[in-house]
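Colleague: I'd like to ask you about the structure that follows.
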Amino acid sequence: MGAAPARAEPGAQYIYVGGAFNEGVAGFEVRPDADPKPVGATVPAPSGSYSVEVTPDGKYVYVASSSENRIAAFAIAPGGTLTELPGSPLLTADRIVAVAAAPDGRHLYATTTDGVRGAVITYSIAGGLPVRVATTPLDITTHFAFLAVAPDGRTLYVDDYVGGQILRLPLDSDGIALEPRQRIAAGATPINPAVSPDGKLLYVSNEVTGTLTGFGIAADGTLTPLPGSPFPTLPGNRGITFSADSSRAYVAHALNSVSGYRLGADGGLTPLPGSPYSAGAIPSAPGLSFFDRDGERLYVVTLGSLSSAGPSTLQGFDVLPDGALRPFGPPIDTGRLFTDGLAADITP
């Protein structure tokens, strides 16, 4: 239950990938001087996963199931292999769509359904296995929702895909999600909200309209629309990833490409040289992306590809000095089918 954080060779990190259409979670080692490689065998996990979450301390991985009403919990061993915790998977009252860990690693937040309304469940994860401590009701349209926690651990943001809004939920001193204090228009079909590392900006993808809706974040977490928002990008955008210094952002598109932007002081987006960047010669549908800890490589996980039987793939990019992306190595088949939503994550 109290497994130590993963401590492999210096520079090693691990990406864990789930899938909505099959069972299991696959692990991959990524390093600044080598191509990604698998870590052991795929570990059994419930099917219907749209969310895989690594805790900020690198100790645990959580896999949420939207079809089996379960949350599986794993400890990360040295070398990146996963061991399921005693008592996992945790049975839940309804489907769990997405999970997100608090920055201090003490709580896990999950979006679910409670009767006719969506809801956020707060779990304590101090011992690894989630323990339910509170349920917060949302709106009748907020069911298939994704979420993001502010870096200061004081605010939770939840997208309302059907209602076209972002909901702001304060987190109290005990880490419990309180009822929404703000509901703000976020364009059509908002999905995968993301907060910049400096905590000043939030963007959400509007996948149908091919735009990004952006907000400034006040000290209390309140959202204010950015000038010029929504910002045009390419159709099928699935989420946004920031550089550690919050100066650049990258958006994955289901049309085999990744767009890069320079972030202005006002939150505006200026395309980086050569953007958008091809995700490779084999058509794929990029969905999630992650920087390594040095910010010199970006890893993209696709929803699927034409590389073989259609599983998701993992593709690495070198980040050039001007922010442009250059793919390296061949894409790796993950064996996971339809890695959608937040169904992959990377260790710190």
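Colleague: Of (1) modelled with pLDDT of 95 or more; (2) surrounded by fewer than 16 Cβ atoms within 10 Å (Cβ to Cβ); (3) within 24 Å of THR142 (Cα to Cα), VAL204 satisfies all except one. Which?
Modeller: Just one mismatch for VAL204, condition (2).
Colleague: Still on this structure, please answer the following. Return the residue satisfying two criteria in turn: it lies in region 1-10 and is small (Gly, Ala, Ser) and surrounded by 14 or more Cβ atoms within 10 Å (Cβ to Cβ), and of such residues it is modelled with the lowest pLDDT.
Modeller: ALA8
Colleague: Please go through (1) free of Cβ contacts under 8 Å to residues at least 40 places away in the same chain; (2) not in a strand (DSSP E or B) for LEU167 and return the number of the only condition it doesn't satisfy.
Modeller: (2)
Colleague: Anything in region 217-233 that is under 13 Å from TYR157 (Cβ atoms) and assigned to a strand (DSSP E or B)? List them, or say none.
Modeller: Of everything in region 217-233, those that are under 13 Å from TYR157 (Cβ atoms) and assigned to a strand (DSSP E or B) turn out to be ILE217, LEU223.
Colleague: Same structure again: Which of the following residues is open to solvent by 20 Å² or more (accessible area, probe 1.4 Å) and either farther than 18 Å from PRO151 by Cβ or in contact with a Gly (Cβ under 7 Å, 6 or more places away or on another chain) (or both): ALA281, ALA218, ALA252? Give the steps one after another, and end with the answer.
Modeller: Numbers: ALA218 fails: either farther than 18 Å from PRO151 by Cβ or in contact with a Gly (Cβ under 7 Å, 6 or more places away or on another chain) (or both); ALA252 fails: open to solvent by 20 Å² or more (accessible area, probe 1.4 Å).
After ruling out the rest, the residue left standing is ALA281.
Colleague: Restricting attention to region 224-245, which residues are crowded, with 17+ Cβ neighbours inside 10 Å, over 19 Å from PRO327 (Cβ atoms) and among the hydroxyl-bearing types (Ser, Thr, Tyr)?
Modeller: Selection gives SER229, THR233.
Colleague: State all residues of region 52-62 that are under 17 Å from ARG132 (Cβ atoms) and open to solvent by less than 30 Å² (accessible area, probe 1.4 Å); if no residue qualifies, say none. Steps first, answer last, please.
Modeller: Residues of region 52-62 under 17 Å from ARG132 (Cβ atoms): 53, 60, 62.
Within region 52-62, TYR60, TYR62 meet the criteria.
Colleague: A further question on this structure: What's the number of the condition GLY239 fails, among (1) in a loop (DSSP other than H, G, I, E, B); (2) on the phi > 0 side of the Ramachandran plot?
Modeller: (1)
Colleague: Now for a separate question. Specify the residue that is surrounded by the fewest Cβ atoms within 10 Å (Cβ to Cβ); the eligible residues are those in region 140-159 that are touching a strand residue (DSSP E or B) at 6+ places or on another chain (Cβ under 8 Å) and more than 25 Å from SER65 (Cα to Cα).
Modeller: Within region 140-159, the match that is surrounded by the fewest Cβ atoms within 10 Å (Cβ to Cβ) is PRO151.
Colleague: Additional query: For region 255-269: of the residues being more than 16 Å from GLN315 (Cα to Cα) and in a loop (DSSP other than H, G, I, E, B), which is least open to solvent (accessible area, probe 1.4 Å)?
Modeller: GLY267
Colleague: Separate question: Return the residue satisfying two criteria in turn: it lies in region 11-33 and is out of contact with any Asp or Glu (no Cβ under 8 Å at 6 or more places or on another chain) and at pLDDT below 95, and of such residues it is least open to solvent (accessible area, probe 1.4 Å). Break it down stepwise before answering.
Modeller: At the first step, the residues of region 11-33 found to be out of contact with any Asp or Glu (no Cβ under 8 Å at 6 or more places or on another chain) are 17-19, 21-29, 33.
If we keep only those that are at pLDDT below 95 too, we end up with 19, 21-23, 33.
On the way: GLY19: 1, PHE21: 134, ASN22: 32, GLU23: 118, ASP33: 110 Å².
Taking the candidates together, the pick is GLY19.
Colleague: Can you tell me which residue is modelled with the lowest pLDDT among those in region 300-334 that are surrounded by fewer than 18 Cβ atoms within 10 Å (Cβ to Cβ) and of a type in the set (Gly, Ala, Ser)?
Modeller: Among those residues, the one meeting the criterion is ALA309.
Colleague: Do we have any residue at all in region 189-200 that's in a loop (DSSP other than H, G, I, E, B) and free of Cβ contacts under 8 Å to residues at least 40 places away in the same chain?
Modeller: Yes, there is a match, as at least one residue in region 189-200 is in a loop (DSSP other than H, G, I, E, B) and free of Cβ contacts under 8 Å to residues at least 40 places away in the same chain.
Colleague: May I pose another question? Determine, yes or no, whether VAL162 is open to solvent by 30 Å² or more (accessible area, probe 1.4 Å) and of a type outside the set (Gly, Ala, Ser). Talk me through it step by step, then tell me what you get.
Modeller: Details: open to solvent by 30 Å² or more (accessible area, probe 1.4 Å): yes; of a type outside the set (Gly, Ala, Ser): yes.
So VAL162 fits the description; yes.
Colleague: Right, here's the next one. Check off (1) open to solvent by 50 Å² or more (accessible area, probe 1.4 Å); (2) in contact with a Ser or Thr (Cβ under 8 Å, 6 or more places away or on another chain); (3) within 21 Å of LEU226 (Cα to Cα); (4) not acidic (Asp, Glu) for ARG183 and give me the number that stays unchecked.
Modeller: (2)
The values are calculated or read from the model by the stated rules, or taken from the named source; none is laboratory data. Fair warning: this is a prediction, and the values are worked out from it, not measured in the lab. Counting neighbours? That spans all protein chains shown, and the Cβs are built from the backbone with ideal geometry, glycine included. Ligands, DNA and RNA are stripped out before the accessible areas are found, and what is left, the full protein with its side chains, is counted by its heavy atoms. Shrake-Rupley method; radii C 1.70, N 1.55, O 1.52, S 1.80 Å.
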